[in-house]
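Notes follow the structure.
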Amino acid sequence: MRKILHGVWRGLDALRKVLHLALLLAIVGFLVGVLHEAMPSVPERAALVIAPQGRLVEQYTGDPVERAIENAQGEGVHETLLWTLVDAIRAGAKDDRIHALVLDLDDMDNAGLPMLEELARAIHVFRASGKPVYAFGSAYNQDQYFLAAQANHVYLDPNGYVMMRGFGRYSLYFRGLLKKLGVNVHVFRVGKYKSAVEIFTRAGMSKADRAQSTAYLNSLWATYQQQVASARGLPVSAIADYVSTLPKAVAAADGDAAQVALRAHLVTKLADKQQFERRISQLVGADKDGSFNAVSAHEYADVVRSEASTPSAATPRIGVIVASGDIVDGDQPPGVIGGESLSRLIRSARRDKQVKAVVLRIDSPGGSVTAAEQIYHALVALRASGKPVVVSMGDLAASGGYYIAAPANEIFASPATLTGSIGIFAIIPTFHRALARLGITSDGVGTTPLAGQESLGQPLNADSKLLIRSQIERGYAEFVARVAAGRHLSDAQVNAIGQGHVWAGAAARHIGLVDHLGTLEDAVHAAAKLAKLTHYHVQFIHPHLSWTQELLQRAQARAAFAAVSLFGPQVSLPGLGPLAARIRAYARPLAELERFGAHGGLYAYCFCGRP
């Protein structure tokens, strides 16, 4: 009987293995088929369509498999990768199959001005090839219009508008709420401009924060006006005049905001979507669906990559590492800068003999001092190996974001980059008063004055305050020393421009925090020059993905199409998305309070945000 049962078990086990193998082969076969069918073709005469969806980002956030599954389930695209669009536009400028560039901006949510400048520069390269650029919008908000203005021909729906408001920075202040709740917030900071903590300790903006915010917002608005006016061939004053007179001008035009934009020469023609598509069809021909021959930026980027010849293994490379998001300890997914995960990428670039220089693209408000220090040392080791390090700053490279920029050979920023904010703080909330209101009290004994101080139900005593304050002051001194060494300044000079002060890129260049104003491409050229390279390949260095993740990423577009075809789009409630986003934005500072209070950690963080 035992032998019979053993034989049956072996048979069942063998059958299980066969079924698993068959299932695996079926899945692989499906994915291979998906990949084969998903590779698009480019018509011999086509328009390249740039249609960003959601936020424009330097790096996708979250797990790639989860993102692929969400897209396959029809949950929509919430982010568009900046560099995919840039690469597609630059490639299209040299491709004889691409005869025009079309900017469809209706679904783009928001983007920082430095990211928009990267796209604008690519559009200028396309225009320089002699090919036309067309933009269409049902309506244009401020970010959308910045891109539309770069086109030869700007179309606007007759029922649309061009809405520019300038830049502002408004925050919610929680002192009153925390006082009512009985929450004590103990703040330790170095730097009179270190305003990240003020939303928890004040009822409104301090004079120092108001002064610095006014300065950098005016700088950003001046940059926006200058670039838009230049692209449209208008005097710089035309943009401010348009904004200041818009309410009365629209009222005088009986509410016809599109005509106001046309008269201001912000747009070249009023037309609906069908009229616009017929115009593009005249240039590149019509497709079988009655629209124009087109290829999307993402499809075209895939085609260009598949057609491009693989560089020789001996070809020297310049590695580009993207550091985007808050700086947090440990390993983190894309969209968050992990002290360990980013350091690992830097170490891999140092050990790769073919990588001759590194460009670190930073878009970060900072975060954990411990993680920033870990990344700093990895960059110092990279430079010590003889490989140049050049930093390219995106929207934000402030506080901890500047900390990790300090060891670079050269630093590039946009005029609209927000940087600096050299300062450190700690926030320790205690809840003994709030608990007392509920009838909960805390009591006990300890062997030292520090015993029990980690409990949020205990008041913070003098010894703990002294300990934290000493750490903060030392942390700030080290921050200043790091910047002074990297920027070849004295500690006194850095302290004078530090104190948590936020600077726009143009001002940061003037005071020595930034070397040059320019784009990522300029930073790459500088890295090549420092490495004495004339022939090289640019390689984005990403975290390693498993083969499963790579297959899912490449197959997600096809899978999403198949899912929608079979099951239809998922039900959604229009209007709740933006509301939910607003609620999350308002709740975030309170979530940050919880995180900043954890373990009494030190933070180099800037709440300057993206105006």
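Descending by average beta-carbon neighbour count within 10 Å, the peptides 240-249, 502-511, 273-282 line up as 502-511, 273-282, 240-249, the highest first. Under 13 Å of direct C-alpha separation, and excluding same-chain neighbours fewer than eight residues apart, K273 reaches these aspartates and glutamates: D104, D106, D157. If R0 is 35 Å, what FRET efficiency do you get for A203 and D331 from their C-beta distance, rounded to 0.05? In this case the efficiency is close to 0.35.
If you sort the three axes of the alpha carbon gyration tensor as a ≥ b ≥ c, you get a/c of 1.5 or more for the stretch 315-547 and a/b above b/c, which makes it prolate. A full extension of the chain between R474 and T315 corresponds to an added length of 52.7 nm, given 0.36 nm per residue minus the alpha carbon distance. Here the spin labels are modelled as points 7 Å beyond Cα on the Cα-Cβ line, and at E454 and R169 they lie 3.6 nm apart.
Checked against a 31 Å cut-off, the cross-linked pairs K94/K356; K131/K353; K94/K529 give Cα-Cα distances beyond that limit for K131/K353.
Per residue, the Cα convex hull of the stretch 116-189 amounts to 148 Å³. Across the stretch 126-199, the relative contact order, built from alpha-carbon pairs under 8 Å that are at least six residues apart, equals 26 percent.
Ignoring lysines fewer than eight residues from K207 along the same chain, the ones with Cα atoms less than 27 angstrom from its Cα are K179, K180, K192, K194, K465.
Overall, the stretch 315-547 carries a charge dipole of about 680 debye about its Cα centre when +1 sits on the Cβ of Lys and Arg and -1 on the Cβ of Asp and Glu, all other atoms neutral.
For the pair the stretch 393-462 / the stretch 470-502, the C-alpha centres are spaced 18 Å from each other.
Full extension of the chain segment joining K248 with A485 gains 79.9 nm, where the gain is 0.36 nm per residue of separation less the Cα-Cα distance. Take the Cα of D106, go 7 Å toward its beta carbon, and the backbone nitrogen atoms of the stretch 158-175 under 14 Å from that spot belong to 158-161.
So how far, in whole Å, is the C-alpha centre of the stretch 183-258 from the one of the stretch 94-150? Computed from Cα coordinates, the inter-centre distance equals 24 Å.
Since every read-out is calculated from the coordinates, none of them should be taken as a lab result. Remember, it's a predicted structure, so these values are computed and weren't measured experimentally. FYI the Cβ positions are ideal-geometry reconstructions off the backbone, even for glycines, and counts take in every protein chain you see.
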